[in-house]
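Take a look at the structure below.
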Amino acid sequence: MLKLGVAGYEGHGQAFTEALNGTELGDKLGMKVAVIWQDPDNKKSHENMLSASDKLGFQVAHTLKELEEGNDGIIIGEERPTRYLELAKPFMQKKLPTFINRPVGASVGDAGAIFHMAKNYRTPILTGSSLVFDPVVRNLITEVEAFKPIQLFYDTGPTNFVNFYLPHVISVAVTVFGAGVLQVRCLALEWDEPGWTCKGSIIASVEYSDKAKYPGLHGIIAQVPDPVKNWYGFRLKVFGAGESQEYNTYQSHGWQEILEAFKQVIETKKPVIPEEEAMEVPKIYYAILRSASERRPIQLSEFDDEIKDRIWML
């Protein structure tokens, strides 16, 4: 049985713990959460952790350092990405396979620094969205080739929680069409709580380079809250040599596929997602936010110096 330590009983940290320790999934995968640390400054999450420890059968760590010993892998599970780099660093230095929640870091620089540490410390990491491992999304990697030359796609998701769901939508596009976005332009974004929730839709256009898997491809990435149903899932459609059906890109078995992927990372000591694709997600995400703020198209290459500077600061 693989033992996991969790830093942050929030978001995926809580969801993965409930799935592995509270259902048959843990026995099926041979993985259990053994110990959890939660920052006591987040009183609600700390109380939730304490109340769940006996029911779900995990130990409570009083310091983050306690997670460094006796675990086969680490989950960075805090909801907000502000401290992902800070939280992940000590475990990566110990070469502990680490799952880092979306959107990988609080900036593209932080995300780049995390991948730099993974290579420098030879620590395998898994980042990002459960939709990357959804059976429908995996099949679409080859299925959309029937519509070559693809000229346009739209890729949408629900709710007004930007930090949670926009990276999901982006991850579908990157998984299906590969890396290689040249430019991003945000067409619509009005904040409710800046960096967290939006008032209406987020709509962005993406343009791929001539060297991408689908040269010159254009796409629309959108997060469209539904005030009536609230949840309509995730959708993808492509246009090229004909048009595809509209695919429902969320057909997974809960958290099973992404946890299976993390198990593979732990056992093989190797990443399962190409770094180029994994880094493309935070680049597109923060490019959309920057484009909305600065009201101009953003070239992804603009982040190159930010990444170099953040790595230099490690």
Per the list (1) in contact with a helix residue (DSSP H, G or I) (Cβ under 7 Å, 6 or more places away or on another chain); (2) not assigned by TED's automatic domain parsing to the domain that holds residue 220, residue check on residue 276 breaks on (1)
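Tell me, yes or no, whether segment 224-241 has at least one residue that is of a type in the set (Phe, Trp, Tyr), in a loop (DSSP other than H, G, I, E, B) and touching a strand residue (DSSP E or B) at 6+ places or on another chain (Cβ under 8 Å).
We begin by selecting, within segment 224-241, every residue of a type in the set (Phe, Trp, Tyr); these are 231-232, 234, 239.
Retained after the next criterion (residues that are in a loop (DSSP other than H, G, I, E, B)): 231-232, 234.
This time we only want the ones that are touching a strand residue (DSSP E or B) at 6+ places or on another chain (Cβ under 8 Å), so: 234.
There is at least one residue in segment 224-241 that is of a type in the set (Phe, Trp, Tyr), in a loop (DSSP other than H, G, I, E, B) and touching a strand residue (DSSP E or B) at 6+ places or on another chain (Cβ under 8 Å).
For residue 266, indicate whether it is touching a Gly at 6+ places or on another chain (Cβ under 8 Å), in contact (Cβ under 8 Å) with a residue 24 or more places away in the chain, crowded, with 20+ Cβ neighbours inside 10 Å and not in a helix (DSSP H, G or I). Give the derivation first.
On the way: touching a Gly at 6+ places or on another chain (Cβ under 8 Å): yes; in contact (Cβ under 8 Å) with a residue 24 or more places away in the chain: yes; crowded, with 20+ Cβ neighbours inside 10 Å: yes; not in a helix (DSSP H, G or I): no.
No, not satisfied.
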Being outside the structural domain of residue 162 (by TED's automatic domain parsing), closer than 29 Å to residue 16 by Cα and either buried (at least 16 other Cβ atoms within 10 Å of the Cβ) or in contact (Cβ under 8 Å) with a residue 12 or more places away in the chain (or both) is the requirement here; does residue 224 meet it? no
Do we find that residue 65 is more than 30 Å from residue 310 (Cβ to Cβ) and out of contact with any Phe, Trp or Tyr (no Cβ under 8 Å at 6 or more places or on another chain) in this structure? no
Checking the structure you have, find out if any residue of segment 158-172 is touching a strand residue (DSSP E or B) at 6+ places or on another chain (Cβ under 9 Å), hydrophobic (A, V, I, L, M, F, W, C), part of a strand (DSSP E or B) and within 24 Å of residue 255 (Cβ to Cβ). yes
Scan segment 285-305 and report the pairs whose first residue is modelled with pLDDT of 95 or more and whose second residue is part of a helix (DSSP H, G or I) and surrounded by fewer than 20 Cβ atoms within 10 Å (Cβ to Cβ), with Cβ atoms within less than 7 Å and a gap of 6+ or a chain change. 298/290
Would you point out the residue of segment 121-158, among those that are hydrophobic (A, V, I, L, M, F, W, C) and exposed (fewer than 15 other Cβ atoms within 10 Å of the Cβ), that is nearest to the chain's Cα centre (by Cα)? 141
Within segment 201-212, residues within 22 Å of the chain's Cα centre (by Cα) and part of a loop (DSSP other than H, G, I, E, B) come out as 201, 212
Somewhere in segment 118-139, is a residue free of Cβ contacts under 8 Å to residues at least 40 places away in the same chain, in the same structural domain as residue 190 (by TED's automatic domain parsing), not charged (D, E, K, R) and not in a loop (DSSP other than H, G, I, E, B)? yes
Any chance residue 85 is buried (at least 16 other Cβ atoms within 10 Å of the Cβ), of a type in the set (A, V, I, L, M, F, W, C), at pLDDT 95 or above and not assigned by TED's automatic domain parsing to the domain that holds residue 248: yes
Quick check on my filter: what residues within segment 106-115 are assigned to a loop (DSSP other than H, G, I, E, B) and either surrounded by 24 or more Cβ atoms within 10 Å (Cβ to Cβ) or of a type in the set (A, V, I, L, M) (or both)? 106
Tally of residues being free of Cβ contacts under 8 Å to residues at least 24 places away in the same chain, farther than 11 Å from residue 9 by Cα and polar (S, T, N, Q) across segment 48-71: 1
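The values are calculated or read from the model by the stated rules, or taken from the named source; none is laboratory data. Since we're looking at a predicted model, the values are computed, not measured. Here the Cβ is made from the backbone with ideal geometry for all residues, glycine too, and neighbour counts use every protein chain on show.
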